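Visitor: Please read through the structure below; I'll follow up with questions.
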Amino acid sequence: MAKPVLALEGVTKRYRIGTPAEVEVLHATNLSLASGEFSALIGPSGSGKSTLLNLIGLLDRPSGGTIQLAGQQTGRLTEAALTRLRGESLGFVFQFHHLINAFSVAENVCLPLMARDRRLTRSALTRAEALLDAVGLPGFGGRWPSELSGGQQQRVAVARALVVEPMLVLADEPTGNLDTGSADEIFALMRRFNREHGTAFLIVTHSTELARRCDRHIHILDGQVSG
Ligand SMILES: Nc1ncnc2c1ncn2[C@@H]1O[C@H](COP(=O)(O)OP(=O)(O)O)[C@@H](O)[C@H]1O
Ligand SMILES: [Mg+2]
């Protein structure tokens, strides 16, 4: 089996809902994602999908257990080290594109690189233009996000997620806000990147139609992960 990009062992998450009450929304979870795997995460609303993605994305820390990402145990890392590892290894796509309207489309694609390098470089902009070509938006770099359709904006968000050449892209309902045609295009785009670059994807989706096109189905119900 290919080397895992991610390994969760006994990961739990509890939220404080008042003092001292706590509720466990993710129960002892073991999950491993192999390099280049294209997986769907499927579960009803409130089952813990976003909680799991936030932990994997190093945006939140688990209440128990260990998370290994890109060969590194993350538990003892400082916030700065977590930020660096996140920036180097992960790409994020959310349900809403979160593009910044004051920045051009190309600058939006460059944001993860700007966060890393603390400046906008010529090579970053060149890379953004190449990615915009790849997501079917050639020559769109100089436009404003507000000039684009919802589907086009989400394609820009996918380009932004890919700009650091992440080993794993986490996509939380990336097509939840799109019409069927645009959803299909976004999905096809991610699948193509997966095949061409070996990028692993973990995609939360409610669509059985889209999930069918994934290599692996990971199910979650009431904070219990299987598959
Ligand atoms: N910050 C939080 N504080 C307390 N409870 C939370 C918090 N975030 C999520 N939850 C609860 O955890 C459970 C799982 O939520 P979530 O991971 O968002 O589910 P999903 O993404 O599958 O809809 C839900 O019951 C939700 O209400
Ligand atoms: Mg969610």
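Visitor: In region 5-23, which residues are touching a Ser or Thr at 6+ places or on another chain (Cβ under 6 Å) and open to solvent by 60 Å² or more (accessible area, probe 1.4 Å)?
Guide: Answer for region 5-23, where residues must be touching a Ser or Thr at 6+ places or on another chain (Cβ under 6 Å) and open to solvent by 60 Å² or more (accessible area, probe 1.4 Å): GLU9, ARG14.
Visitor: What are the residues in region 20-55 that are of a type in the set (A, V, I, L, M, F, W, C), within 13 Å of ligand 2 (Cβ to nearest atom) and closer than 13 Å to VAL204 by Cβ, if any?
Guide: If the condition is that a residue be of a type in the set (A, V, I, L, M, F, W, C), within 13 Å of ligand 2 (Cβ to nearest atom) and closer than 13 Å to VAL204 by Cβ, then LEU41, ILE42, LEU52, LEU53 are the ones that fit.
Visitor: If you don't mind, there's one more thing I want to ask. Across region 168-190, what is the number of residues that are over 9 Å from GLN154 (Cβ atoms) and under 10 Å from the mean Cα position of the chain (by Cα)?
Guide: Residues meeting the conditions: 6.
Visitor: Okay, moving on. When both residues are 6+ apart or on different chains and their Cβ atoms are under 7 Å apart, which pairs have a first residue that lies in region 47-70 and is within 16 Å of GLU22 (Cα to Cα), and a second that is in a helix (DSSP H, G or I) and not polar (S, T, N, Q)?
Guide: PRO62/LEU55
Visitor: Limited to region 78-96, what total is found for residues that are touching a Lys or Arg at 6+ places or on another chain (Cβ under 9 Å) and open to solvent by less than 50 Å² (accessible area, probe 1.4 Å)?
Guide: 5
Visitor: Could you please let me know if LEU52 is more than 9 Å from ligand 1 (Cβ to nearest atom) and crowded, with 18+ Cβ neighbours inside 10 Å?
Guide: no
Visitor: Given (1) over 13 Å from the mean Cα position of the chain (by Cα); (2) more than 12 Å from ligand 1 (Cβ to nearest atom); (3) more than 26 Å from ARG212 (Cβ to Cβ), identify the lone condition not met by LEU58.
Guide: The failed condition is (1).
Visitor: May I ask you to list the residues in region 160-182 that are closer than 23 Å to PRO44 by Cα and open to solvent by less than 10 Å² (accessible area, probe 1.4 Å)?
Guide: Listed by number, the residues that qualify are VAL169, LEU170, ALA171, PRO174.
Visitor: Can you tell me which of (1) modelled with pLDDT of 95 or more; (2) closer than 18 Å to ALA188 by Cα is the one VAL135 doesn't meet?
Guide: Of (1) modelled with pLDDT of 95 or more; (2) closer than 18 Å to ALA188 by Cα, only one is false for VAL135: (1).
Visitor: Scanning for something closer than 30 Å to PRO44 by Cα and either more than 16 Å from ligand 1 (Cβ to nearest atom) or among the basic types (Lys, Arg) (or both), does region 143-150 turn up at least one residue?
Guide: Scanning region 143-150, I find at least one residue that is closer than 30 Å to PRO44 by Cα and either more than 16 Å from ligand 1 (Cβ to nearest atom) or among the basic types (Lys, Arg) (or both), so the answer is yes.
Visitor: May I ask you to verify whether GLU37 is in contact (Cβ under 8 Å) with a residue 24 or more places away in the chain and open to solvent by 60 Å² or more (accessible area, probe 1.4 Å)?
Guide: no
Visitor: For region 200-227, name all the residues that are modelled with pLDDT of 95 or more, more than 16 Å from ligand 1 (Cβ to nearest atom) and either assigned to a helix (DSSP H, G or I) or open to solvent by less than 10 Å² (accessible area, probe 1.4 Å) (or both).
Guide: Within region 200-227, ALA200, PHE201 meet the criteria.
The values are calculated or read from the model by the stated rules, or taken from the named source; none is laboratory data. Predicted model only: the values in this text are computed from it and were never measured. Every residue, glycine as well, gets a Cβ built from its backbone with ideal geometry; the counts of neighbours run over all protein chains shown. Each accessible area value is taken on the protein alone, full model and side chains, heavy atoms only, with ligands, DNA and RNA left out. Shrake-Rupley method; radii C 1.70, N 1.55, O 1.52, S 1.80 Å.
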